[in-house]
Amino acid sequence: MNDQALKTAANQIRILSAAMVEQAKSGHPGGAMGGAEFINLLYAEYLNFDPADPSWFERDRFFLDPGHMSPMLYSTLSLYGFYTKDELKNFRQWGSPTPGHPEVDVMRGVENTSGPLGQGHVFAIGSAIADKFLQARFGDWMAHTHYTFISDGGVQEEISQGAGRLAGKLALDNLVMFYDSNDIQLSTVTADVTGEDTAAKYKAWGWNVLEVDGADTAALRGALAAANAEKSKPTIIIGKTIMGQGAVTAEGSSFEKMVSTHGQPLSAAGADFAATISNLGGNPDEPFADLPGVADLMAGIIEEKKKNAAVKKAQKAEWAAANAADASKLADWVVGKLPELDFSEIEQKGGAATRAASATVLNWLAGKLGNMIVSSADLSNSDKTDGFLKATKAFAPGDFEGAFLQAGVAELTMGAVLTGLSLHGGIIPAGGTFFVFSDYMKPAARIAALMEKQVIYIWTHDAFRVGEDGPTHQPVEQEAQIRLLEKLKNHSGKPSILALRPADAAETTVAWKLAIENKDTPTALILSRQNIADLPAASGDRYGEALQAAKGAYIVEDCDGTPDIIFVASGSEVSTMVGGAALLRDKGKKVRIVSAPSEGLFRTQDPSYQASVLPAGVPKLGFSAGLPVTLEGLVGADGFVFGLDHFGHSAPASILDEKLGFTSKNVLAQAEKVLAG
Ligand SMILES: Cc1ncc(C[n+]2csc(CCOP(=O)(O)OP(=O)(O)O)c2C)c(N)n1
Ligand SMILES: [Mg+2]
């Protein structure tokens, strides 16, 4: 392509980016202006997509890591018709499709939400893995490239360590990362905080490392060609770019490489906006206008993109005609259509730990769902994701025939990889670790929740009954934290996450059913380390009764007439309360027991159902191995929640039960206190 014309288009991106921020009176122009050369070339010459069909499944993906560079992304996408000039002018305004940091919107070419630095490039790794996994099943005709753009902030974020290790180890040659190395970050120049040899670091992880002048079109083209030719490693292109490239003062002197242009309009940073627009070949009176020649250039590129996509789509059609069964399977996976799944056929062992019950379900799912990928952060034999692993094998360098990702000890990385698998599409991702380490994953869960992606978290060892490992390993406040995300509504008005803490093996089967069927949000499964007695089932069909868990909370055991007291709990505490209820019944009291695996789900039920399970005015007792607040919303003003309001202790679990009061005897004592008023 004509480099002069490309240069003009890159300047167009710079001008639009600077103008958007100036118009909004807030935003980040400097980085966007520096990265313009690369993103322009990538979109013009390398990124395979169909401007007329943005969700084309076999498109190349572009994942932006530094969300603050959104003006660069929106400006680039506007050249391809995804945004109008008015939408650019409404940058950062209420109701606009151009929020301050990008929010996933595939139909407008935005593959991911970004803002918390570091996660975006890991989504690309998840996406690249999804692509390899699908290729291993359907053929390499569908191969596509996963590009990501990272900045100094993302490289410094700890998550890049797990990501770099994993992508290198798995030899993801379909991953190309551009590092916008402009030596400037938010508060300082990068040299003030880092002296690392980034190239050596990525080389050590097994990456193909290329270093180029990030403002030189020909050099960048060469690097992209080399990256695409690399067939055994992921590639990082370290591009030396120029913060605020083209920015000048009123006198015309350079205002490039300034920390001040990171996060404010150029005019506020000390540059002159009008002079900068002129310097870049634009008209300061009409900064949103097209530069000469750009529209023609883009028209040609867009036609070319459509033609290339049509060729690929024809190849797919040919494959589909010759492989009808596979084609129909792939089509189902892409739209998230599940095969017939009769969860009632799963045979659970009585009295199992819910992590073990989860393993039973996972083993069954491995035989039913060809598109499920399960991961663990080096705890597969403890979090019992090995139930799935036993039916498949782990990914190995260049080998994606299996369906299990040993993520290594890197919970946040794993979390973001799971999100990336989901963003790619066609995959049902799940990943496990200890519940206490959900703290290390929560940033990924939050962004997955914001993006409304299906990701399943398997969090085991859910309470102090971890025992001897002590307070570092005993979750107390973690359930309350996850339940806060249940209270937080997503943009579609639903609880942003579904958090289920099943009470026994049968409820665990039901929880998995809900997780697999929930395509709208992430699901967290909070599971016990220790064995739990099966809950009573008056009908004799415990699984049938546990299906009511789909309502978030339900009556496990009732009494005749109005109860004297209602017991409510989730997880293993329900069975503790069953024991306590027997003691209270011996004293002539009428007790109802409610299992509440998810308050968030319960609150979406009809108010009359909610009132039928937990009627106002009846005394209630909650038992929680977590903070009392976990159940206070359900118990309300009519009772009391017995929970932990302190860290746990190292001792055998049975001793902790006694010492901390998680016994039938204490359930009785607490109930009598509530009844005494
Ligand atoms: C997890 C996280 N921490 C902090 C921030 C705030 N922040 C935004 S950009 C930035 C650093 C920017 O440096 P760089 O990535 O090099 O971008 P540039 O200044 O070159 O545009 C920081 C600290 C963030 N967005 N995410
Ligand atoms: Mg920087």
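Taking region 154-188 as the range and being of a type in the set (D, E, K, R), within 12 Å of ligand 1 (Cβ to nearest atom) and surrounded by fewer than 22 Cβ atoms within 10 Å (Cβ to Cβ) as the test, the residues that pass are E157, E158, D183. Cβ separations smaller than 9 Å between residues 6+ apart or across chains give no pair from region 35-62 residues that are outside the structural domain of S17 (by TED's automatic domain parsing) to residues that are in a loop (DSSP other than H, G, I, E, B) and of a type in the set (S, T, Y). Put simply, of A247, A269, A274, A215 the only residue that is of a type in the set (A, V, I, L, M) and more than 15 Å from ligand 1 (Cβ to nearest atom) is A274. Being closer than 21 Å to L280 by Cβ and touching a Gly at 6+ places or on another chain (Cβ under 6 Å) is a property that A19 lacks.
Scanning region 92-115 for residues that are within 16 Å of ligand 1 (Cβ to nearest atom) and either among the acidic types (D, E) or in contact (Cβ under 8 Å) with a residue 40 or more places away in the chain (or both) turns up R92, G100, E103, N112, T113, S114, G115.
Taken over region 218-244, the criterion of being within 16 Å of ligand 1 (Cβ to nearest atom) and in a loop (DSSP other than H, G, I, E, B) is satisfied by T241, I242, M243, G244. Annotation note: of P443, P495, the sole residue that is crowded, with 22+ Cβ neighbours inside 10 Å, closer than 26 Å to L644 by Cβ and either without any contact (Cβ under 8 Å) to a residue 40 or more places away in the chain or outside the structural domain of E111 (by TED's automatic domain parsing) (or both) is P495.
Scanning region 116-123 finds one or more residues that are more than 14 Å from ligand 1 (Cβ to nearest atom), in contact with an Asp or Glu (Cβ under 9 Å, 6 or more places away or on another chain) and more than 21 Å from L41 (Cβ to Cβ). Within region 151-188, the set of residues being among the aliphatic types (A, V, I, L, M), in contact with a Phe, Trp or Tyr (Cβ under 7 Å, 6 or more places away or on another chain) and near ligand 2 (Cβ under 10 Å from one of its atoms) comprises V155 only. You will find that of A226, A191, A271, A247, the residue that is away from ligand 2 (no atom under 12 Å from the Cβ) and surrounded by fewer than 20 Cβ atoms within 10 Å (Cβ to Cβ) is A226 and no other. Answer with yes or no whether K201 is out of contact with any helix residue (DSSP H, G or I) (no Cβ under 8 Å at 6 or more places or on another chain), more than 16 Å from ligand 2 (Cβ to nearest atom) and either closer than 24 Å to T261 by Cα or part of a helix (DSSP H, G or I) (or both). Taking the combined requirement at face value, the residue does not satisfy it.
The values are calculated or read from the model by the stated rules, or taken from the named source; none is laboratory data. As the structure is a prediction and not an experimental result, all values here were calculated from the model. All Cβ positions, glycine included, derive from the backbone under ideal geometry; neighbour counts span all protein chains shown.
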